[in-house]
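The structure appears right after this line, and notes come after that.
Values quoted throughout were computed directly from the atomic coordinates according to the rules given, and no laboratory measurement underlies them. Quick caveat: nothing in here was measured; it's all calculated off a predicted structure. Here the Cβ positions follow ideal geometry from the backbone for every residue, glycine too, while neighbour counts run over all protein chains shown.
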2 protein chains.
Amino acid sequence: MGETVTDKQGQAPPALIALDWGTSSFRAFLMDASGTVLAQAAGPEGILHLPRPGAEGFAEVLAARCGPWLARWPGLPVVAGGMVGSAQGWREAPYAPCPADPATLARAAVEATTPAGVRVLIAPGLLHAPPGAPPDVMRGEEIQIAGALRAQPALAARARFILPGTHSKWVELEEGRITGFATYMTGELFAVLRHHSLLGRLMTEVAPGAEEAAAAFAQGLDLARASGPGDLPHQIFAARSLGLTGRMAPAALAEFLSGLLIGHEVVSGLARTEGTAPLVLIGEAGLCRRYATALAAFGAPAPLPLGNTAPAGLFHFAVAAGLVAAGETTP
Amino acid sequence: MGETVTDKQGQAPPALIALDWGTSSFRAFLMDASGTVLAQAAGPEGILHLPRPGAEGFAEVLAARCGPWLARWPGLPVVAGGMVGSAQGWREAPYAPCPADPATLARAAVEATTPAGVRVLIAPGLLHAPPGAPPDVMRGEEIQIAGALRAQPALAARARFILPGTHSKWVELEEGRITGFATYMTGELFAVLRHHSLLGRLMTEVAPGAEEAAAAFAQGLDLARASGPGDLPHQIFAARSLGLTGRMAPAALAEFLSGLLIGHEVVSGLARTEGTAPLVLIGEAGLCRRYATALAAFGAPAPLPLGNTAPAGLFHFAVAAGLVAAGETTP
């Protein structure tokens, strides 16, 4: 990942530095009191890629990426969300239980301090522990959702959020609070099956034609829709048998597997969140398109697509923590 | 794998050399006209581990492992089954369609000949192509089932075979013919999730106590039994969240994942083969015990466990091909 630094002149004075600090990347946002982003900095120093281990490494990255801001506006509040609050992070912010809203996050936040005396308020992740089922956890997505609520306050009444990715999240929200969620390891399943299982052997790096890709993806969705409990370990073998028997071109097999796995997630996710609450998709555009296609194929209402809501979410968290006197909302 | 050669003296004269030639191992059986094994040879020269590529490599292994038999009893018929008949094998024996019995295998067999003039009859795999679903394939398991029918002729009327493994097979048989089957990538899913996904990070090499292991395995089974369509990509995440939240000891997480994946296979397999036909388990003893536990947990009738039926199956194939005048059946 490259580094980007932008700076907008002639804006309102800064009121917050917000850090979106994940496993593999660091993003910082300088914001004014209305939540408008004045400047950004980014780098590859995710929590697993620090220049040195431990608290010193975190402080060093913050100084390197945000030093000029901190020097020019000393005393600006700093907040952070994502894996920076995990057990492998700067300081662990234990999971807060659902139901949860930004005020919950603020109450469960923890503080880290750099050798230079800069204090960073770190948001916790969330724990959902429904009776009779294994617990589920998230860290980072709760900030994205806080951002979505700031961008689209009407969603606070009732909504279902889908955040596709390596570990997709399906999140239910009522009256501004996250009431429950489920993680789907869809992206990671796809990656390990493609790169580490026999299924990858027939797959090629050659991209299929657009029409061929869409047909294979749709065939995977169809199979998922027709599935019964437990069928997935059987159905994934079709990504081999369709190729072995010449019924699908090798270039299309990965698309088929993508449709099959996303289809399974969507079948299960829709059953889990049954109802009429609006669907919201938050994430990378290409991946969100795949999920929108799957939702449409299964007759779900068209989802509202949102981009990266992390900066707005970190601002929402800072306001809830009383670090920023919230000005006008200009999402 | 080490090499084993045994030789029983004072038996009936040899009538067949049978080769069980898979991806990672070679096993040879010298048999009399009743199917009794007189001597065995084995080595690590699976089709992906030949001393040299191509037909020469296959001929060389056969000469090295079975040369003394071929020299002492020239003209003995030789049959082979398993991946030796795949596109990467000695000579491809294309999949024969279901329904299929040993006579079907004999009709679709192909022959390879060594430079020394030894002829080897290679059994085909099977193709199951149900309308409206992806095709499925097997290669090697059809021989195991032919062996089970020779060992337990009463099963020929109607039976359901489960062959657990990297790619488990659930096979339906009626009136001596395989009428359909389904592959489950359960073993490979477990391996890639354990060794190549985030789930493996919390797992330890320390073995859990027997009671703890059984409880974790049962918890995985329970979750599988409670699952709806598409739930697996969500449920596997519990192998992380249960560990992260301290609700399951790291040593037990792999057992939980094993129970969850086998449970999914069994839920689906039982639904697919609904009925009253007897269940038969063929495979490695420890793995078969796991499946027997799962079947019992789901209220299925107790399965009949069988060991390695490949030698008997190769004999059955040789008889069907007219290479051996079948003597008395002494399974």
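Structure values in brief
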quantity	calculated
Lys, Arg +1 and Asp, Glu -1 on Cβ, resulting dipole of the protein assembly as shown about Cα centre, debye, nearest 20	120 debye
Cα pair count fraction exceeding 17 Å, expressed as % - region B:88-134	43 percent
Cβ-vector label at 7 Å, A:Glu175, separations to other copies in nm	6.6
For A:Ala55, label point 7 Å along C-beta direction: distances to other copies, nm	7.3
DSSP H segments from chain B that extend 20 Å or more along their own axis, Cα-based, with Kyte-Doolittle mean of -0.5 or above	B:54-72, B:210-225, B:253-272
Region B:1-133 - charge dipole about Cα centre, Lys and Arg +1 at Cβ, Asp and Glu -1, debye rounded to 20	100 debye
Calculated [θ] (222 nm, deg cm²/dmol) that DSSP helices of n ≥ 4 give over the protein assembly as shown, each run adding -39,500 (n - 2.57)	-11000 deg cm²/dmol
Region A:73-131-region A:264-318 distance, computed between alpha-carbon centres (Å)	25 Å
Neighbouring partner chain Cβ atoms per residue of A:245-251, average, 10 Å criterion	2
Residue among B:Pro301, B:Gly286, B:Ser258 farthest towards the positive dipole end of region B:186-306, charges placed on Cβ	B:Ser258
Per-selection Kirkwood Rh - the protein assembly as shown (Cα, Å, 1 d.p.)	27.7 Å
Measure of compaction for region B:186-306 (Cα Rg per 2.2 N^0.38 Å)	1.05
Convex hull per residue volume in Å³, alpha carbons only, for region A:233-273	55 Å³
Shielding by partners, peptide B:128-139 (average Cβ within 10 angstrom, other chains)	4
5 Å binning of all Cα-Cα separations within region A:32-108, expressed as whole percents from 0 upward	3, 12, 20, 21, 19, 18, 7, 1
Peptide-level mean, for A:189-200, of C-beta atoms on other protein chains within 10 Å	4
Isotropic mean projected area of the C-alpha convex hull, region A:226-295 (nm²)	5.7 nm²
Whole-percent pair-distance distribution, where bins are 10 Å wide, for the alpha carbons of chain B	6, 25, 29, 23, 14, 4, 0
Copy-to-copy label separations for A:Ala87, where each label sits 7 Å from Cα toward Cβ, in nm and ascending	4.5
For B:Leu232, B:Leu244, order by how many other beta-carbon atoms lie within 10 Å, fewest first	B:Leu244, B:Leu232
Globularity ratio of region B:80-166, using Cα Rg and 2.2 N^0.38 Å	1.17
For chain A, size of Cβ-based charge dipole, Lys and Arg +1, Asp and Glu -1, in debye	100 debye
